[in-house]
Amino acid sequence: MCTVSWIHQGQGYQLFCNRDEQHTRRPASKPQLLTHHGIRFLAPIDGDFGGTWIAVNEFGLSLALLNRGPGSPAQISRGLLVMNLIAGPTLADVAERFATSNLSDFAPFTVLGLAPGAPAALFGWDGSEGGVVADAGPYMPLVSSSLDPEGCESRRRATLERILAKSPALRPGALLAFHRSHAPVAGVHSVCMHRDDAQTVSFTWVTVEDGGANMYYAAGSPCRSLAGESLSLALCSGPQTQCA
């Protein structure tokens with residue numbers, strides 16, 4: 001499960017993501033440069049199913065996945081859907097791919113989409129119906145949890161409100177502090193989550209600006225260390241056929 005926040009800056013943006021997983025999950029790989037349908041993108045790879053929960057492509061389009069309930073062995077990993085949706089230049093392309101996907105193959109989810117110069121969008125599936133929210137701003141931060149999801153969402157939102165009360169202007173430093181937070185205490189409800197059976201296992205920070213995209217990835221709990229690695233990708237400013 002995840003906690004996701006973001007901030008728009010000029011025509012670019014910054015995206016922050018904590019990934020929470022059970023201890024029984026295999027470790028993910030660090031971000032790689034990949035290609036799907038001719039479009040290059042950066043993404044870490046899930047150790048169990050080979051999909052991803054966060055990606056940014058050469059057009060500055062980013063996606064972040066939040067699971068909304070457990071899946072079944074008969075269903076396809078939701079991370080593989082992200083690998084398919086990221087292969088488009090715009091949020092309109094994501095919406096088209098989303099609309100034509102067989103969502104019944106997947107357990108419930110929310111996908112956040114970010115693109116330069118556009119409002120963030122949400123693409124959701126509740127297990128019976130799909131939907132799109134054209135402006136995700138009022139829903140920031142996004143939170144998903146397998147244990148007490150409503151309690152986690154309300155307390156993590158309250159944590160961000162307390163941080164912003166000290167520095168009302170939303171800046172990257174405030175969101176970084178948010179993702180490292182143990183408020184009210186280190187446990188199931190804290191943004192940097194710790195449970196007996198699960199914890200925050202990685203922190204990812206995507207920056208899109210000035211013709212480039214950067215993905216910073218730190219394995220482990222962000223409360224302990226943000227030591228990680230960065231991978232960058234030049235943005236394509238022309239038609240897709242001219243960017244390969």
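The values are calculated or read from the model by the stated rules, or taken from the named source; none is laboratory data. Just so it is clear, the model here is predicted, and its values are computed rather than measured. Counting neighbours? That spans all protein chains shown, and the Cβs are built from the backbone with ideal geometry, glycine included. These accessible areas exclude ligands, DNA and RNA; they are computed on the full protein's heavy atoms, side chains included. Shrake-Rupley method; radii C 1.70, N 1.55, O 1.52, S 1.80 Å.
Give the number of residues within the range 104-120 that are among the aliphatic types (A, V, I, L, M) and surrounded by fewer than 21 Cβ atoms within 10 Å (Cβ to Cβ). Adding up the residues that qualify gives 2. Here is a list of conditions, (1) open to solvent by 60 Å² or more (accessible area, probe 1.4 Å); (2) farther than 30 Å from F41 by Cα, and I163 meets all of them except one; can you say which number that is? The number of the failed condition is (1).
Annotation note: of V191, V185, V206, the sole residue that is in contact with a strand residue (DSSP E or B) (Cβ under 8 Å, 6 or more places away or on another chain) and either closer than 20 Å to A118 by Cα or open to solvent by 20 Å² or more (accessible area, probe 1.4 Å) (or both) is V206.
Do the conditions hold for R171, that is, is it open to solvent by 60 Å² or more (accessible area, probe 1.4 Å) and modelled with pLDDT of 95 or more? So R171 does not fit the description; no. Among residues of the range 108-133 that are within 16 Å of G71 (Cα to Cα) and in a strand (DSSP E or B), none has a Cβ under 8 angstrom from a residue that is open to solvent by 30 Å² or more (accessible area, probe 1.4 Å) and acidic (D, E) at a sequence gap of 6+ or on a separate chain. Identification of strands (runs of 3 or more DSSP E) wholly contained in the range 143-244 with 1 or more residues that are among the charged types (D, E, K, R) and closer than 23 Å to W53 by Cα yields 198-209, 229-234. For the range 190-233, a residue qualifies if it is within 17 Å of Y13 (Cβ to Cβ) and of a type in the set (A, V, I, L, M), and the qualifying residues are V206, V208, A213, M215, L233.
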